[in-house]
């Protein structure tokens, strides 16, 4: 059974779709969006650092978010939300717009699906994840790839597979950082003529 707190965490994670959607519909110019997103990223980092050092901020943060936080987030590491912001800024700087957008969508929808499906139906453990979660997230990413006309299907499918491999493999980086960067890097390589 999935806890209410985990569902709330995943709903907040889905809210991060605002980043690729804003990039598509409201910020046609890459560097304008990078500047705006960078300001928010710095704010997230400052709040994340201060919540460990300033008592009243720690209390406020704990009262509002503690039930949704992972143990490593409580022990001094950045929250997943901060890593979303860092990953988004880096992906948008490094990759073409079509690649950055779909890589961020994979991170939002694929990672959310993998987490929920893995927790609800996962029986076959692989590292600290499950095969059921992996394939559930992969199905979502493949559906996205088939419905994303801005890239050739082979490129977006390569990114979909890479996104879920990055989610599965225990690389010591936050999923919200490694998924968009890993899948984006593969899609950039696949879309570059040899």
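Among the conditions (1) farther than 23 Å from residue 4 by Cβ; (2) surrounded by 16 or more Cβ atoms within 10 Å (Cβ to Cβ); (3) modelled with pLDDT of 95 or more; (4) touching a helix residue (DSSP H, G or I) at 6+ places or on another chain (Cβ under 7 Å), the only one that residue 78 does not satisfy is (3). Candidates are the residues of the range 169-194 that are more than 13 Å from the chain's Cα centre (by Cα) and part of a helix (DSSP H, G or I); the one that is surrounded by the most Cβ atoms within 10 Å (Cβ to Cβ) is 187. The one condition from (1) under 25 Å from residue 144 (Cβ atoms); (2) surrounded by 17 or more Cβ atoms within 10 Å (Cβ to Cβ); (3) free of Cβ contacts under 8 Å to residues at least 40 places away in the same chain; (4) out of contact with any helix residue (DSSP H, G or I) (no Cβ under 7 Å at 6 or more places or on another chain) that residue 65 does not meet is (1).
Right, residue 139: free of Cβ contacts under 8 Å to residues at least 60 places away in the same chain, over 30 Å from residue 30 (Cα atoms), out of contact with any strand residue (DSSP E or B) (no Cβ under 9 Å at 6 or more places or on another chain) and in a helix (DSSP H, G or I) or not? It is false that residue 139 is free of Cβ contacts under 8 Å to residues at least 60 places away in the same chain, over 30 Å from residue 30 (Cα atoms), out of contact with any strand residue (DSSP E or B) (no Cβ under 9 Å at 6 or more places or on another chain) and in a helix (DSSP H, G or I). Restricting to the range 61-89, name every residue that is in a helix (DSSP H, G or I) and under 14 Å from residue 174 (Cα atoms). Those that are in a helix (DSSP H, G or I) and under 14 Å from residue 174 (Cα atoms): 71, 72, 73, 80, 81, 82, 83, 84, 85, 86, 87, 88.
The single residue among 33, 27 that is assigned to a helix (DSSP H, G or I) and surrounded by 13 or more Cβ atoms within 10 Å (Cβ to Cβ) turns out to be 33.
The values are calculated or read from the model by the stated rules, or taken from the named source; none is laboratory data. These numbers come from a predicted model, not from an experiment. Don't worry about glycine lacking a Cβ; one is built from the backbone with ideal geometry, like all the others, and counts go over all protein chains shown.
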